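Beneath this line is the structure, given in structure tokens, with notes to follow.
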Amino acid sequence: MATVFNEEESEIAMVYENLHGDSARSHCGKDRKVSAVQPGMKLYRLVAVSFGLLCLLQVALNISLHLSLYSSYCTALEIVKKNLSDCDNKTLDMEASIETLTEERDELKKKLSDFDYYSQQGWVYFSGSFYYVSEIKKTWNNSRYDCLKRGADLLIVNTKEKQEFLHHLQRRIWIGLTDREIEGTWKWVDGSPLKTSYWATDEPNSYESTDEDCGDTKFFTEKNSWNDSPCEYLLPWTCEKKKNSSSLTQQPKAEI
Ligand code: MAN
Ligand code: CA
């Protein structure tokens with residue numbers, strides 16, 4: 001029975017071979033070849049494609065990184081530029097401040113030097129001006145001449161403060177007031193007219209018709225202390241060196 005069955009199977013196989021012949025073999029041979037190569041190719045392609053994608057990703061990352069770095073660089077550059085510009089402005093401001101401070105320092109140095117000089121010469125500083133009170137007596141003309149030699153002039157009492165200063169001296173002295181040019185028209189030594197005055201009671205009087213053309217402080221104990229006296233009297237005097245007056249050795253005028 002088994003033998004019969006094997007024989008039948010062999011026959012069927014032979015029939016099949018006869019029917020399909022070489023083509024069947026050939027077809028079967030091709031299938032075998034394809035099934036052996038295809039998995040490698042697929043892997044190769046997969047690797048190649050992946051590599052390509054990785055390269056593209058790398059390029060994209062590089063570009064993105066460069067763009068980001070460039071943007072940061074530009075921002076940093078702008079900040080540096082702005083800081084430099086601010087720095088330039090501050091430098092200019094500081095240079096201007098240094099110039100102003102240098103001028104102020106020089107001015108103060110000059111004032112200090114003047115202060116030293118005048119203090120050593122016996123001058124007194126009061127409210128921006130220097131004053132010299134003589135120890136000796138001279139005529140009004142010679143008193144003024146002495147002041148001019150010192151780069152100053154006889155005291156002009158044109159403020160309440162100066163009159164108070166004069167009052168504090170508590171001395172009879174010549175002041176820079178005269179009516180020698182026109183009797184009764186009092187003028188200060190700088191040519192300015194007398195406005196606010198501090199004449200004592202009944203002064204000026206050209207006492208008993210004497211020629212009293214020069215001002216002094218005969219009534220120095222009073223707030224209103226001025227008197228007119230003959231210019232040839234011998235009295236102490238006060239010189240005033242005004243602030244902003246640059247000459248320390250101003251020459252006297254020809255006519256006094
Ligand atoms: C003296 C002089 C005058 C002054 C009178 C005041 O005679 O000093 O100038 O006016 O005294 O009494
Ligand atoms: Ca008088």
Q. Say each of Glu104 and Ile63 gets a label point 7 Å from the Cα, pointing the same way as Cα to Cβ; how far apart are those two points in nm?
A. 6.2
Q: Report the full-extension gain for the segment Ala76 to Cys55: residue separation times 0.36 nm, less the Cα-Cα distance, to one decimal in nm.
A: 4.5 nm
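Stretched out fully, how many nm does the piece from Lys90 to Glu232 gain, at 0.36 nm a residue minus the Cα gap?
Taking 0.36 nm per residue and subtracting the Cα distance, the gain is 44.5 nm.
What order, most packed first, do the peptides 184-194, 106-116 have when packing is the mean number of other Cβ atoms within 10 Å of each residue?
Going by the mean number of other Cβ atoms within 10 Å, highest first, we get 184-194, 106-116.
Going down the list Lys137/Lys162; Lys110/Lys195; Lys81/Lys109, which pairs span over 30 Å between their C-alpha atoms? Display every interim value, and only then the final one.
Details: Lys137/Lys162 22 Å; Lys110/Lys195 33 Å; Lys81/Lys109 41 Å.
Checking Cα-Cα distances, Lys110/Lys195; Lys81/Lys109 exceed 30 Å.
Want the number for Ser192 to Ser119: 0.36 nm per residue separation, take away the alpha-carbon distance, what's left?
23.4 nm
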Q: Please sort 212-223, 197-208 by packing, taking for each peptide the average over its residues of neighbouring beta carbons within 10 angstrom, highest first.
A: 212-223, 197-208
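Kirkwood Rh, Cα Rg: Rg to Rh for region 125-242?
Values: Rg = 12.9 Å, Rh = 14.0 Å.
Taking Rg over the Kirkwood Rh, I get 0.92.
Every number here is computed from the coordinates shown, using simple stated rules; none is lab data. In this text, all values refer to a predicted model and were calculated from it rather than measured experimentally. Cβ sites come from the backbone with ideal geometry, for glycine too, and all protein chains shown count toward neighbours.
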